[in-house]
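Shown next, in structure tokens, is the structure this report addresses.
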Amino acid sequence: MRQIVCACEACATLFDGMANGKYRRVSRRAEFLANFRMTDGQWESMLIPINMAFFLHSSVEGKVVALYPSPAGAVESQLPLDAWNEIVQENPVLSQLKPDIEALLINRVGHAHELSKAEYYIAPIDECYRLVGLIRANWKGLSGGSEVWAEIGRFFSDLQSHADVVSEEVVANTTE
């Protein structure tokens, strides 16, 4: 079940470090993956209809789940396992994602319009759902309107400002 039950400090302390329990503390780790490797073809093979998504390992479903934000909330995409495995092979840091509480968050909106580079993060799952809520609350009309795009820009700017930068050298060392 994808549900955050409590956000109080007492529960956070109680469930910290209980990786296999019924309840887990949501990770606070935020990492900007500066040298993440993903081609346009790999992105397209994952069948995500927009240029923003997050991927988490669901312990309940026993697989990686791909979700993308929409004005209606988080929408699950049918992720081809081969596409995901290829990306993990090229980015070993993904094999360390904590099930259910951390996700790979991808923003390729600027990249798709040739305005900026794609952004890749390891993010706490509550931040991913905060992005979904932000889009849902601010979306206007067919294209979203300028307000939602400004909010999305602020979200990623804030995330990047408090994320640790992980370079290629650090990624390579995570498998040793």
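The values are calculated or read from the model by the stated rules, or taken from the named source; none is laboratory data. Treat the numbers as computed from the prediction; the structure is a model and nothing was measured. Cβ atoms come from the backbone with ideal geometry, glycine included; neighbour counts cover every protein chain shown.
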*Per-region count, segment 88-109, residues touching a Phe, Trp or Tyr at 6+ places or on another chain (Cβ under 9 Å), part of a helix (DSSP H, G or I) and closer than 20 Å to residue 165 by Cα*: 3
*Inside segment 140-168, can you point out the residues that are hydroxyl-bearing (Ser, Thr, Tyr) and either farther than 14 Å from residue 105 by Cα or surrounded by 13 or more Cβ atoms within 10 Å (Cβ to Cβ) (or both)?*
143, 146, 161, 167
*asked:* Within segment 67-82, take every residue that is touching a helix residue (DSSP H, G or I) at 6+ places or on another chain (Cβ under 8 Å) and at pLDDT 90 or above and give me the one that is surrounded by the fewest Cβ atoms within 10 Å (Cβ to Cβ).
replied: 72
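So which of 51, 85 ends up being crowded, with 16+ Cβ neighbours inside 10 Å and either closer than 23 Å to residue 160 by Cα or out of contact with any strand residue (DSSP E or B) (no Cβ under 7 Å at 6 or more places or on another chain) (or both)?
Only one candidate passes the filter, namely 51.
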